[in-house]
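Bear in mind that the values in this text are calculations on the coordinates, not laboratory data. As the structure is a computational prediction, the values presented were derived from the model and not from experiment.
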Amino acid sequence: MEKKGRFVQTAVVVFAGFLIVGTIAVNLSGKHGQDGWKLFFNQLGEALKQEGFARERYFFYVLRLRLMESGILWLLSMTAFGAVSLWGALGWLGFTCGVRISLGTMVFGKRGILYFLCSILPQAVFYIPAILILGIRGFQVYAFMRKQRSFGQYRRIRMGRDLLLFVILLLCLLPGIICECYINPLLLKAYF
């Protein structure tokens, strides 16, 4: 139980550390970076206001991206690069959160926090736990394989259960994908 608590604490520290790094990176970009992001936000707002915004096409694009990311994380977590891949994924999520908070406040002022909440928070509620569970399960598979050193024994004992867990976790990503494709554009359209 103590290892799980330490693991969660480390995950929070990695996420928060990269959140700070993302915030600092945006603040160091200065005026040139701010002008570029204002242009990006204007184009995003215009795309969301169009009637022909292809949500279904966007859904399958995001679905493909998230399934690739989850699959790569799952496979890497069963290798010697498991810790690096898990911490990298959490760091990337923290970095993008920091970037969005900073950019939102730079471009929209006080409404920037609302921009952040509308753009990333709904799907992050589903993505972060799914990534942590994927990574933890991958570590457990790696530890079993390293200890037993027999794929045949692993296949007999645990492979069916692990594959079922993998499918269930991928299905847990679906609410996050739906939030990212349907709910976030509606929230951004309503407030910006």
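Stokes-Einstein diffusion coefficient for the range 59-118 at 20 °C in a medium of 1.002 mPa s, Rh from the Kirkwood formula over Cα pairs: what value in µm²/s? Can you show the working numbers first?
Values: Rh = 13.2 Å.
For these conditions, the coefficient is 162 µm²/s.
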Checklist entry - Per-residue HN-Hα couplings for the range 91-99, Karplus 6.51 cos²θ - 1.76 cosθ + 1.60 at θ = phi - 60°, whole Hz, x for Gly and Pro? => result x, 5, 4, x, 4, 5, 5, x, 5
Next on the checklist: Starting from a Cα-only point model with no solvent, please compute log10 I(q)/I(0) by Debye for the range 91-142 at q = 0.13, 0.27, 0.31 1/Å.
Outcome noted: -0.40, -0.96, -1.09
Item to check | Per-residue ³J(HN,Hα) for the range 125-135, Karplus 6.51 cos²θ - 1.76 cosθ + 1.60, θ = phi - 60°, Hz, x for Gly and Pro | outcome: 4, 9, 6, 4, x, 5, 5, 4, 5, 4, x
